[in-house]
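The values are calculated or read from the model by the stated rules, or taken from the named source; none is laboratory data. Keep in mind it's a predicted model, so treat the numbers as computed, not measured. All Cβ positions, glycine included, derive from the backbone under ideal geometry; neighbour counts span all protein chains shown.
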Amino acid sequence: MSSEPTDEPQHTHRRTPDGEPRSLRFDDACIVVTMALLALITFANVLVRYFTDASFAWTEEISVFLMIVLAMVGGSAAVARDTHIRIEFFAESGSAARRRRLAQLGAALVALLFAFIAVISVRMVWDDWRYEETSPGIGVPQWWYSIWLPLLSALMSARAIGLYRRRSRQSDAQYLARDEERAP
């Protein structure tokens with residue numbers, strides 16, 4: 001075993017062979033399952049409508065919920081992979097130090113925003129539970145749906161904090177090398 005320094009990241013045991021955090025497997029699995037459920041529900045509703053001229057009343061309610069879950073988990077994975085939407089003119093111009101600081105600022109702002117959403121949405125869940133609100137289509141307790149907003153917002157905030165920490169540990173040269181690797 002050589003004692004020469006390497007440029008490899010120190011936490012390689014927590015990464016997949018393509019360099020992504022292993023914890024993103026959860027996000028990817030949730031995305032796949034959610035998409036499959038959406039497709040299955042929609043297909044079942046189309047078949048029922050075609051053959052009976054009726055529809056499942058519950059499909060729209062569940063589909064809207066699943067689309068929100070899909071957007072939140074997909075957004076979380078995008079933040080963790082640092083592929084979220086940004087204005088390239090600002091994010092990719094200037095010195096390496098400026099670009100890295102902007103990436104840190106973006107991650108910090110995303111973390112703050114979704115932490116705020118998680119905190120304030122707890123009140124909504126509490127009100128749904130306390131006042132025994134029910135969903136309009138199926139009539140199940142509304143908090144069954146609303147409980148996921150603070151949980152998924154906290155996940156997104158945690159992913160942004162992780163991205164901030166990764167950007168803080170990188171040198172300017174490492175940040176530039178990562179950008180050049182990802183360029184098309």
The stretch 43-69 residues that are under 20 Å from Gly139 (Cβ atoms) and touching a residue at least 40 places away in the same chain (Cβ under 8 Å), paired with ones that are surrounded by 13 or more Cβ atoms within 10 Å (Cβ to Cβ) and polar (S, T, N, Q) (beta carbon under 8 Å, 6 or more apart): Glu61/Ser135
How about the stretch 80-92: which of its residues are surrounded by 16 or more Cβ atoms within 10 Å (Cβ to Cβ), part of a loop (DSSP other than H, G, I, E, B) and either under 9 Å from the mean Cα position of the chain (by Cα) or in contact (Cβ under 8 Å) with a residue 40 or more places away in the chain (or both)? Asp82
Do we have Ala160 as in contact with a helix residue (DSSP H, G or I) (Cβ under 9 Å, 6 or more places away or on another chain), exposed (fewer than 15 other Cβ atoms within 10 Å of the Cβ), touching a residue at least 40 places away in the same chain (Cβ under 8 Å) and part of a helix (DSSP H, G or I) here? no
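Name the residue that is farthest from the chain's Cα centre (by Cα), counting only residues in the stretch 49-74 that are among the aliphatic types (A, V, I, L, M) and modelled with pLDDT under 90. Talk me through it step by step, then tell me what you get.
If we filter the stretch 49-74 for residues that are among the aliphatic types (A, V, I, L, M), which is where we start, we get 54, 57, 62, 64, 66-73.
Retained after the next criterion (residues that are modelled with pLDDT under 90): 54, 57.
On the way: Ala54: 35, Ala57: 29 Å.
Top of the filtered list is Ala54.
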Only one of these conditions is not met by Ala77: (1) of a type outside the set (Val, Ile, Thr); (2) crowded, with 16+ Cβ neighbours inside 10 Å; (3) in contact with a Gly (Cβ under 9 Å, 6 or more places away or on another chain). Which number is it? (3)
Can you find a residue in the stretch 164-176 that is at pLDDT below 95, assigned to a loop (DSSP other than H, G, I, E, B) and surrounded by fewer than 17 Cβ atoms within 10 Å (Cβ to Cβ)? yes
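Is it the case, given these coordinates, that Val122 is assigned to a helix (DSSP H, G or I), among the hydrophobic types (A, V, I, L, M, F, W, C), at pLDDT 90 or above and within 13 Å of the chain's Cα centre (by Cα)?
On the way: assigned to a helix (DSSP H, G or I): yes; among the hydrophobic types (A, V, I, L, M, F, W, C): yes; at pLDDT 90 or above: yes; within 13 Å of the chain's Cα centre (by Cα): no.
So Val122 does not fit the description; no.
For the stretch 31-48, enumerate the residues that are small (Gly, Ala, Ser) and within 24 Å of the chain's Cα centre (by Cα). Break it down into steps so the answer makes sense when it comes.
Looking only at the stretch 31-48, we keep the residues that are small (Gly, Ala, Ser), and these are 36, 39, 44.
Result: Ala36, Ala39.
Answer with yes or no whether Ala39 is modelled with pLDDT under 95, surrounded by fewer than 14 Cβ atoms within 10 Å (Cβ to Cβ) and not charged (D, E, K, R).
Working: modelled with pLDDT under 95: no; surrounded by fewer than 14 Cβ atoms within 10 Å (Cβ to Cβ): yes; not charged (D, E, K, R): yes.
So Ala39 fails the test.
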